[in-house]
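Structure record follows, encoded as structure tokens.
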Amino acid sequence: EPEVTQTPSHQVTQMGQEVILRCVPISNHLYFYWYRQILGQKVEFLVSFYNNEISEKSEIFDDQFSVERPDGSNFTLKIRSTKLEDSAMYFCASSGRDSYGYTFGSGTRLTVV
Amino acid sequence: RKEVEQDPGPFNVPEGATVAFNCTYSNSASQSFFWYRQDCRKEPKLLMSVYSSGNEDGRFTAQLNRASQYISLLIRDSKLSDSATYLCVVNMGGTASKLTFGTGTRLQVTL
């Protein structure tokens, strides 16, 4: 079964540092997403990406966040200057044309210290 | 009002029991509805889509009431392996549309 792959599975970074979270979506999917889940809280939408541009972003997705699809297979989330409150599980997802085939990656647990 | 509201639980039930979860959503323009399952520190996994006519998948039955903006999930003959958090999820529809998650209802099935 096709899957969404995320790396690394766990990243620890110092406050103020930049991090890049990587995702390889399912190859024939067209829509790509990042969600996050702070420990003990609900899964929250960050951003959707289609046709090489952002389709929608949430209030959480401020200027410190950016997304990129640099080479046609990877989909990255960059956090420019991490804060303690960025500590969370970050899930990448992709979906097909009808948005019904949503598949989540296994997540990257980001810990900011 | 929260966009998607669920009773957080936990629901502690013995093996073999029937358990029901409820969910309400605030946006009447929501297009599609799902139940996801999430194990501790894992990604959400689609359990089933929810249709107005009601749908069943083995021991799981989901129901949608658009007039009341209410979604339900019934699990019959609970197994230990059903222990997880069940997430009510709503989609506004359209291309590249986001999913809106409830906080989840935790289920613990015991011997």
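The values are calculated or read from the model by the stated rules, or taken from the named source; none is laboratory data. Please read all numbers here as calculations on a predicted model, not as lab measurements. Note that we place each Cβ from the backbone using ideal geometry, even for glycine, and neighbour counts take in every protein chain shown.
Among A:Thr76, A:Thr82, A:Thr13, which is surrounded by 14 or more Cβ atoms within 10 Å (Cβ to Cβ), under 15 Å from A:Gly107 (Cα atoms), at pLDDT 95 or above and out of contact with any Phe, Trp or Tyr (no Cβ under 8 Å at 6 or more places or on another chain)?
A:Thr76
When the residues of the range B:1-56 are narrowed to those that are in contact with a Cys (Cβ under 9 Å, 6 or more places away or on another chain) and of a type in the set (Phe, Trp, Tyr), which ends up farthest from B:Ala84 (Cα to Cα)?
Looking at the filtered set, the residue picked out is B:Tyr25.
Scanning for something buried (at least 19 other Cβ atoms within 10 Å of the Cβ) and either touching an Asp or Glu at 6+ places or on another chain (Cβ under 8 Å) or assigned to a strand (DSSP E or B) (or both), does the range A:49-59 turn up at least one residue?
Scanning the range A:49-59, I find at least one residue that is buried (at least 19 other Cβ atoms within 10 Å of the Cβ) and either touching an Asp or Glu at 6+ places or on another chain (Cβ under 8 Å) or assigned to a strand (DSSP E or B) (or both), so the answer is yes.
Looking at the range A:16-48, which of its residues are buried (at least 18 other Cβ atoms within 10 Å of the Cβ) and of a type in the set (Ser, Thr, Tyr)?
A:Tyr31, A:Tyr33, A:Tyr35, A:Ser48
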